[in-house]
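See below for the structure under consideration.
The values are calculated or read from the model by the stated rules, or taken from the named source; none is laboratory data. Note that the coordinates shown come from a computational prediction; the quantities given were computed from them, not determined experimentally. No Cβ is skipped: glycine too gets one built from the backbone with ideal geometry, and neighbour counts run over all protein chains shown.
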Number of protein chains: 2
Amino acid sequence: MQNFSFYNPTNIVFGEGQLRELDNLVPKNAKVLVTYGGGSAKSTGLLDKVKSELVKSNREVLEFAGIPANPKLEVLIKAIELVREEKIDFLLAVGGGSVIDGTKFICVAACADEFVGRERELMNFGFNPVPVDRAIPFGTILTLPATGSEMNNGAVITDGKDKLPVFSTQAFPKFSILDPTITYTLPAKQVANGIVDSFIHTVEQYITFPAEGRFQDRTAEGILQTLIEIGKKTYENPEDYDSRANLVWCSTMALNGLIGAGVPQDWATHMLGHEITALTGIDHARTLAVVQPANWRIRKEQKKEKLLQYAERVWGITEGSEDARIEKAILKTEEFFHSLDIPTKLSDYNLGEELIEKVLVSLGNHGMTALSEHGDVTLDVSREILEAAI
Amino acid sequence: MQNFSFYNPTNIVFGEGQLRELDNLVPKNAKVLVTYGGGSAKSTGLLDKVKSELVKSNREVLEFAGIPANPKLEVLIKAIELVREEKIDFLLAVGGGSVIDGTKFICVAACADEFVGRERELMNFGFNPVPVDRAIPFGTILTLPATGSEMNNGAVITDGKDKLPVFSTQAFPKFSILDPTITYTLPAKQVANGIVDSFIHTVEQYITFPAEGRFQDRTAEGILQTLIEIGKKTYENPEDYDSRANLVWCSTMALNGLIGAGVPQDWATHMLGHEITALTGIDHARTLAVVQPANWRIRKEQKKEKLLQYAERVWGITEGSEDARIEKAILKTEEFFHSLDIPTKLSDYNLGEELIEKVLVSLGNHGMTALSEHGDVTLDVSREILEAAI
């Protein structure tokens, strides 16, 4: 097992009806900015419920609407200015990964006095934490199980054609309310995206090379098995409480640091996927579903032991040559994505060589030239992966 | 899945050599009280290493030695008085569950101004948190993987023949350093105890009734499978780093709230075991190994679905009648304990009916008359369990 630190102070309040805890969770008498995305938080009536809880304890409540999918820096900067002007004490993100990621960035950047007017520079630290020692505290009410942002300290921010990760030690939500019933009204496509996103988060931390992280491996396998068991069910029956609850909890657990502590991590699929989204606008999870199988096929030698372990423990594949078992596991994975109506090839989106060239340029511009658990995914290897994904 | 809250802010710093982080983890310029148990922290040289790290940043360092196994209230009260007199800012527990539990109690009680002179009353709250809103901050350096105390907010305190749980929202360690190599010098008997303790912590939260906690079940099964895989190996080869590291991490994960969030919990085995330890002095884990199989045999109807799941997923038992599969899983569990030289019958300790009568009196005195996930373990059922354990 590799050395690690594991620290995650987010208070998770999980289950039907937990919105009633909001008044206990947000500081009394605070000036609160509620952040959200498009109209669904409003049209479903959730926003009104949230506000009626907040005003119970003498809080002033402001709103910032319109944080878009792939949260855009220019929008976030407006919120940062508002937070400074209004001297906001607490933020409450009502939404999915994009709203929560955007809110994290707002909370950190609003306290980053050295970066006033040049917030863009906070996007330049890659996987290293940005150098801030405080942030405005915030909580979240999750409406879309997918990114895990509700229980971690990372965000992905978009500026033009740049879609980049931002981390801060100060960016853990104080609390996150996870009520599976709040997610019932999601469009099926977003549920499918969330299942695939959670699945890929898990395999990015699991299908690397053996490192004697037995708890981590078993827990990752448990998340994958659960997503396979309940995925199609919750996609087709949104109001089946238990299936949805298992999706929500697995989605959170897939990216809160637990399964990645003490083991190698890949993330090449995510970095390639981010570029595709930035260039084409294809949903994040859908880019991952295209890149991941190709990543495995091209790099099956480097990942052999873990791919065989995945084949056996997650899919029960024990017969055939090593190559055959690995290919069968990849095919089963693709079938699982297809069962959620998620394609696994670039050509399904009418994309090909032309896109690949652009992705490689972007990867180069972003310094993404030594990706993966071994650092061996050069631009040449990225090209191979993308070509295998056509 | 049941509704739940999950909050665990302890910073885990895991791996060989992590003692070097101590100076970064403890507040600078603090007046620190280092707590430990018998002589082993001293004789192994660990205490000297700890002190030399602490003094690097102008800290005053005091010591409190002699926190015994099953930490005794009378000893802890002396430490509480010392903490108040010396105005200690931070405590550092160097030891196993007993030292950490005792230190938690010290940190909470020293701030419980309403309970000065009647600290005993803090033991009367059962599974409810004691009513305090602050505690002296503390960290831990774990020397014995077993109780999970290094990453939770519970303690078990002994006063005469009373051995009782104490919880506080303030009792999470700020950090815990988990260096598997620090545990190499443990006596083999204590390693075996730690494996069994971690195993029973897991099944108390897992073998109850189905509640659609799929992540929780899979993670619990992963801990059990890992303990079975590495148990005998780390018992016999203390310096095999990876086996020991897996024991340490599973032991922490078994009782940090994760696998019990959103699912029913039993704990009858623990409550019966506590009484046996208080009456006889038999090691905690050894009392659990005696009670748990009997608990399963007597209550196999109530636990049927989960015992069958345990048989299949943890032991691979799929053949035979339901009763046969359950009995086989219990026998495999007993064999596993035996492989660690841990007996599973009261008669192995020359105990029988006479002890049972005393245990039942103690359970009655402590209000332990409706235990388990169903609250159906009355004194009569406890008698059946104990008789099946002879």
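Apart from one condition, residue B:132 fits all of (1) at pLDDT 95 or above; (2) not in a helix (DSSP H, G or I); the exception is (1).
When each of A:155, A:109, A:93 is tested for being within 22 Å of the chain's Cα centre (by Cα) and more than 22 Å from residue A:41 (Cβ to Cβ), the lone residue that passes is A:109. Looking across the range B:155-179, the residues that are in contact with a Leu (Cβ under 8 Å, 6 or more places away or on another chain) and not β-branched (Val, Ile, Thr) come down to B:159, B:161, B:174, B:175, B:176, B:178, B:179.
Counting the residues of the range B:146-161 that are crowded, with 24+ Cβ neighbours inside 10 Å, part of a strand (DSSP E or B) and aliphatic (A, V, I, L, M) gives 2. Go through the range A:103-117 residue by residue and tally those that are surrounded by fewer than 13 Cβ atoms within 10 Å (Cβ to Cβ) and under 12 Å from residue A:80 (Cα atoms). Residues meeting the conditions: 3. Is it the case, given these coordinates, that residue A:370 is surrounded by fewer than 17 Cβ atoms within 10 Å (Cβ to Cβ) and under 23 Å from the mean Cα position of the chain (by Cα)? Considered against the rule, which asks whether it is surrounded by fewer than 17 Cβ atoms within 10 Å (Cβ to Cβ) and under 23 Å from the mean Cα position of the chain (by Cα), residue A:370 comes out as yes. Kindly indicate the residue of the range B:53-70 that is within 14 Å of residue B:103 (Cα to Cα) and modelled with pLDDT under 95 and also surrounded by the fewest Cβ atoms within 10 Å (Cβ to Cβ) among those meeting that condition. Filtering the range B:53-70 for residues that are within 14 Å of residue B:103 (Cα to Cα) and modelled with pLDDT under 95, the one surrounded by the fewest Cβ atoms within 10 Å (Cβ to Cβ) comes out as B:68. If we scan the range A:234-251, do we find a residue that is basic (Lys, Arg), more than 30 Å from residue A:390 (Cα to Cα) and within 14 Å of another protein chain (Cβ to nearest Cβ)? There is at least one residue in the range A:234-251 that is basic (Lys, Arg), more than 30 Å from residue A:390 (Cα to Cα) and within 14 Å of another protein chain (Cβ to nearest Cβ).
If you filter the range B:176-194 down to residues that are farther than 21 Å from residue B:71 by Cβ and within 14 Å of chain A (Cβ to nearest Cβ), you find that the one that is surrounded by the most Cβ atoms within 10 Å (Cβ to Cβ) is B:180. Just one of (1) out of contact with any Cys (no Cβ under 7 Å at 6 or more places or on another chain); (2) at pLDDT 95 or above fails for residue A:223. It is (1).
Scanning the range B:205-218 finds no residues that are at pLDDT 95 or above and within 21 Å of residue B:140 (Cβ to Cβ). Restricting B:46, B:76 to residues that are surrounded by fewer than 21 Cβ atoms within 10 Å (Cβ to Cβ) and not small (Gly, Ala, Ser) narrows the list to B:46. Checked against (1) polar (S, T, N, Q); (2) farther than 26 Å from residue B:245 by Cβ; (3) more than 14 Å from chain A (Cβ to nearest Cβ), residue B:3 passes all but condition (3). Only one entry of A:94, A:99, A:32, A:50 meets the criterion of being touching a Lys or Arg at 6+ places or on another chain (Cβ under 7 Å), under 27 Å from residue A:180 (Cα atoms) and at pLDDT 95 or above, and that entry is A:32.
Here the condition is being of a type in the set (A, V, I, L, M, F, W, C) and either over 25 Å from the mean Cα position of the chain (by Cα) or within 14 Å of another protein chain (Cβ to nearest Cβ) (or both); of A:26, A:55, it holds for A:55 alone. Within the range A:152-167, the set of residues being among the small types (Gly, Ala, Ser) and either in contact with a His (Cβ under 9 Å, 6 or more places away or on another chain) or at pLDDT below 95 (or both) comprises A:160 only.
Where helices (runs of 4 or more DSSP H) sit wholly within the range B:224-331, those with at least 3 residues that are within 30 Å of residue A:217 (Cα to Cα) occupy B:241-253, B:284-298, B:304-315. Here the condition is being surrounded by 24 or more Cβ atoms within 10 Å (Cβ to Cβ), in contact (Cβ under 8 Å) with a residue 24 or more places away in the chain, of a type in the set (Val, Ile, Thr) and within 12 Å of chain B (Cβ to nearest Cβ); of A:276, A:223, it holds for A:223 alone. For the range A:195-219, the tally of residues that are under 29 Å from residue B:246 (Cα atoms), in a helix (DSSP H, G or I) and more than 9 Å from chain B (Cβ to nearest Cβ) stands at 8.
Looking across B:230, B:276, B:282, B:223, one residue alone is under 19 Å from residue B:306 (Cα atoms) and among the β-branched types (Val, Ile, Thr). It is B:223. Taking every residue in the range A:49-69 that is assigned by TED's automatic domain parsing to the domain that holds residue A:100 and pairing it with any residue that is charged (D, E, K, R), at least 6 positions away or on another chain, the pairs with Cβ-Cβ distances below 6 Å are A:53/A:23; A:56/A:23; A:57/A:23; A:57/A:28; A:60/A:31; A:61/A:51. If you go through the range B:301-331 and keep only what is without any contact (Cβ under 8 Å) to a residue 60 or more places away in the chain and crowded, with 17+ Cβ neighbours inside 10 Å, you end up with B:308, B:311, B:315, B:317, B:325, B:326, B:327, B:329, B:330. Taken together, the residues in the range A:275-333 that are small (Gly, Ala, Ser) and over 29 Å from residue A:349 (Cα atoms) amount to 3. Annotation for the range B:94-102: no member residue is surrounded by fewer than 24 Cβ atoms within 10 Å (Cβ to Cβ) and at negative phi. Might you check whether a residue that is out of contact with any Leu (no Cβ under 7 Å at 6 or more places or on another chain), assigned by TED's automatic domain parsing to the domain that holds residue A:266, modelled with pLDDT of 95 or more and over 30 Å from residue A:188 (Cβ atoms) occurs anywhere in the range A:334-355? Looking for residues that are out of contact with any Leu (no Cβ under 7 Å at 6 or more places or on another chain), assigned by TED's automatic domain parsing to the domain that holds residue A:266, modelled with pLDDT of 95 or more and over 30 Å from residue A:188 (Cβ atoms), one finds at least one in the range A:334-355, hence yes.
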